[in-house]
Structures are given as structure tokens and as C-alpha cells.
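Report on one structure; see the data block that follows.
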Amino acid sequence: MQSVEMIPFGLLAGFVDDKEVRITEISTESFCFRVREQVERPRHIRIGFYDLSESMYREVELESYHFMEKRQEQWYISYTVEVFQQDYVQAVQKLFREYTGYIRARIEGTDGEMAQITCNYPVNQDEIHAKSMEEQKSIWFSGAQIRPVVRGMELALALDRRIWYNLYERNTIEKFTELYWKENGIGGWEQHKIIPDRLYIGNAFCHLLLPGEEQLFALMEKANVENVGITLVFPCMREFQVEEMVKLLKKVENWCEKRQIRVEILVNDWGMAALVRENGEYLEPCLGVLLNKQKKDPRMHYKKGSTRGLGENNLQAGFYRRFLKDTYGINRYEWESCGYPQVFPQGKNSLHLPYYQTNTSQYCPLYASCTEGERGKQRLPESCPGYCEQYAYIYPEHLHMAGRYNSLFGLDEELVKHPEQLKAYQQAGIDRLVIGL
């Protein structure tokens, strides 16, 4: 009797009545499982086999079987069950074939080859990629048009690095907007003079990409004069930044009080949320994308099975939204368009596009590559000349992703090519679009 021990639980699951059990060994004739307490005359025994080719579980309910052996171990009881069913035999044989292929791919193949076996990943396309970020963006945004697709939604532009800070500081909001579209190779701005209602100033991922204090207040003053709403964006705050951030928030509060305007603060850690709550009535905190957890991966569409469960998160829970409001004064939630339908909660919801963040490093792999020649030699940079203004990590074209500064981003290509789909987002509860190019 050929048997295999300790097949991963994700591939093989057992149920005895209403209890989930660990199957420790299986063959075409029998299987072993262990439990903490003794099993007394089970009514139903079910075994779930994960089908790699279909990305789903197939369950076999045992009808013809008997318990062969019972062993009392120190911490558990082990049972051996003999099975007399053809559908069980076929399921075990299929499991062995697929599991053998999986093990062979893990030992002998690359990650791409293993992914090709498990979910038809196109490993042969991994060598096709652009030569630069400029070429990559020209491929992504080829044929993209800016046009007034959705009425009744606030439009915001994200100023998240030095090139945009400087460009806006030197130009009117009308001229800046025109250059913003043009620099990114997006057409249609000539016919549709789309001026943003709001600017997002700052970077949600890297503290070294925030504007200096003098430039920050210059940008805020300019936006206020031009009647443009202001959202200040901050990344995860490190311990050494707390004192400096307290002083900055107080200055922002004083600036707002003198002009009798309110400014949104996009927070990406709970410490910053608490500081904003403590530092005045003119600051309105928003839940940033690093706190608004979503399952996001540009490889998601290669996986088989339903993505229905991905569209919801903890913000669907009313008690959690009440906690955010009562504890931190948060009423607006920042979302990213990430390639699958989402369910948005009651309240104010902003949608960031066309990029979505998948990974952010506390340190910076791009800085490590530029200074050490190896992305693995990462450390927290105290200062940076702005390598990310010139360099980026380029990935295979079919993945639609790129590495920028200390993060990885995917592209929601569907919204780039079919912006009319934004109407569905508006109906689902989005009241603000945030364009970050």
C-alpha cells in the first residue's frame, strides 16, 4: 500500500461529524487522522481534496469504511480508517498526481514554472518588459483619454513627489493640470479643460518624499488662493518623527485658523491619527490606504476561483466605522482601484487610480540598489538625492506593475482603457476620484 504522509492541510482536509481533523497519512485504501479527544461512533466522515486544475475543493463523503486501528499517543489519539469506495480511490489518485507535480516544480523549477503548473501563469512572457518607466507608461497609457466621464464626483490630483511640487509651485492650477496630463502622455486635455477640485499634497509611503516645510506652506497658500481643496498626505510615522510631526501639525492648525478653512490629513498609522485628533478642530483625518486593508495583487487574475470575498473588508462593519469616528474623527475612507469589484460602506469614499499599492518597505530597495548595488542591502536612509525621480523597477509587461521608491504598485488597466466604468463606482458609493500619475 503506497501512502503519503503529512500532505499540506490546504490540499487535504478531513471532517468527522462537525469536527475538523488533521489527516496525517493517506493511500488509496485507507487514511490516518488524529484528534485530541476520542471519536465515538461518527455519523459522517468527509474528506476535502483540493483540485489544483480547478482551484476548488471536491468533497468525498465516506459511506463504506471501518476503523482498523486506534492508538493513544501522549497528546492525541490516532485512528486508521480503511475505505471501500471507488470515488475515494479516484480522488486520492488525482491528489497524488497533482501533489507529485507540485513537489517536482518546487524542487526543480523556478517560481514561475511552479505558478504555471498551479494556475496557468504565463512564464514564457516574463522576459517581455519595457526598457524604461517612460516607455512602460507610454504602453500603459496609449490611447487613454481624459474626459468628463462622471458628473457629481469631486476630482483630485495627487502631488506625491518633487517634480509635481515644483511644477505646481511655478504654474497656475490651469497650466499645471495641462502639464500634468501631458507629462504622462494622456490625451484629451486640449478639448476638456478639467481642473481639479482638490490637491493631495505629500506621499503616503516614503517620508523623504514629503515637501519641505517652507514648500508645503507655499503649496497650501497657492491652493487656497486658487480655491482648490487641500488634503495633506503622510506616510507611516516613525518614532523619531513624532516630535517634529507634532510641531508641524500645530503650524498647519494655526495656518487653517487664520484663514478659517479646514484641511484634510490623510493618515497611514494610528499614531498620526491620534496626533491629528489632538491638534485642533481645523484638521480632518482620513483613513489612508495603508490602514484601509485590501487584498491587492496584479497576479490575481491568473488565479482561478471566485474573487467575490475580496471586495469587502472591516469597513463594512458599522461598529468599526463608529469606532473610527468616535475615537479619531475619521469620516472619509481612501480606497484603491485594484482590478476587481469592491463594496464600499456608507460614508465618504475616495477612489485612487490608476495605480494601487501592493507592498511597501520600511526601508527602500531602490535606494539600496543605487547605493549598494543590491536591493537586499536595505537600511533606513536619513537623506536621499531622489533616485526615484530617475529610476524605477520594471517588471514583465503582462503583470502591469512597477517598483517606485520604497513600494510596489499595480496598474488597473481596465479603468485606463475603459473610464466609463467609473460610473459604476459612483453608484457604489464613491464621491471623489484621486488621480495619481
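Of note:
- Phi-based couplings in Hz for the stretch 396-409 (Karplus 6.51, -1.76, 1.60; Gly and Pro marked x): x, 4, 5, 7, 6, 8, 8, x, 10, 6, 9, 9, 10, 10
- Computed log10 I(q)/I(0) for the stretch 303-437 at 0.09, 0.16, 0.18, 0.20 Å⁻¹: -0.37, -0.97, -1.08, -1.16, from the Debye equation with unit scatterers placed on every C-alpha and solvent omitted.
- Rounded percent of accessible protein surface that carbon and sulfur make up, the stretch 259-338, 1.4 Å probe: 48 percent
- Here the relative contact order of the chain, from alpha carbon pairs under 8 Å that lie six or more residues apart, stands at 13 percent.
- Pairs of alpha carbons in the stretch 1-151 whose separation is greater than 26 Å (percent): 46 percent
- Selection from Cys32, Ser132, Gly212, by position along the positive dipole direction of the chain (Cβ): Gly212
- Taking a ≥ b ≥ c as the square roots of the eigenvalues of the alpha-carbon gyration tensor, the stretch 209-283 is classed prolate because a/c is 1.5 or more and a/b outweighs b/c.
- Nearby aspartates and glutamates by direct alpha-carbon distance to Lys377 (threshold 18 angstrom, same-chain neighbours under 8 apart not counted): none
- Farthest toward positive dipole pole in the stretch 281-354 [+1 Lys/Arg, -1 Asp/Glu at C-beta], among Gly329, Ser350, Tyr340: Tyr340
- Net dipole in debye of the chain [+1 Lys, Arg Cβ; -1 Asp, Glu Cβ; about Cα centre; nearest 20]: 740 debye
- Under-5 Å amide H pairs with Gly14, H placed in peptide plane, nonlocal only: Val21, Ile23, Gly48
- Over the stretch 231-330, the alpha carbon radius of gyration divided by the compact-protein estimate 2.2 N^0.38 Å works out to 1.32.
- Carbon and sulfur %, accessible surface of the stretch 66-171 computed with the full protein complex present, 1.4 Å: 49 percent
- Residue-averaged 222 nm ellipticity for the chain, from DSSP H runs of 4+ at -39500 (n - 2.57), nearest 500: -9000 deg cm²/dmol
- Straight-line cross-link reach from Lys175 at under 24 Å between alpha-carbon atoms covers these lysines, not counting any fewer than eight positions away in the same chain: Lys137, Lys193, Lys222.
- Once the Cα gyration tensor of the stretch 272-325 is diagonalised, semi-axes √(5λ) in Å: 32, 14, 6
- Counting only lysines at least 8 places from Lys250 when in the same chain, those with an alpha carbon closer than 17 Å to its own are Lys258.
- Accessible surface, the chain, averaged per residue in Å² (probe 1.4 Å): 52 Å²
- Close amide H contacts of Leu232 (hydrogens built in the peptide plane, cut-off under 5 Å, sequence separation of 5 or more or a different chain): Ile201, Glu264, Ile265, Leu266.
- Under a model in which nothing but the beta-carbon of Lys, Arg (+1) and Asp, Glu (-1) is charged, the stretch 205-326 shows a dipole of about 860 debye around its Cα centre.
- The C-alpha atoms of the stretch 300-367 occupy a region whose extents along the principal axes are 38, 37, 18 Å, arranged from largest to smallest.
- Tail weight of P(r) past 29 Å, computed on alpha-carbon pairs of the stretch 144-295, percent: 19 percent
- Accessible carbon and sulfur surface of the stretch 344-437 relative to its total accessible area, %, 1.4 Å: 46 percent
- The percentage of C-alpha pairs in the chain whose separation is greater than 38 Å is 38%.
The values are calculated or read from the model by the stated rules, or taken from the named source; none is laboratory data. All values reported here derive from a predicted model rather than from experimental measurement. Positions of Cβ are backbone-derived with ideal geometry, glycine not excepted, and every protein chain shown enters the neighbour counts. Surface accessibility is based on the protein's heavy atoms, side chains included, excluding ligands, DNA and RNA. Shrake-Rupley method; radii C 1.70, N 1.55, O 1.52, S 1.80 Å.
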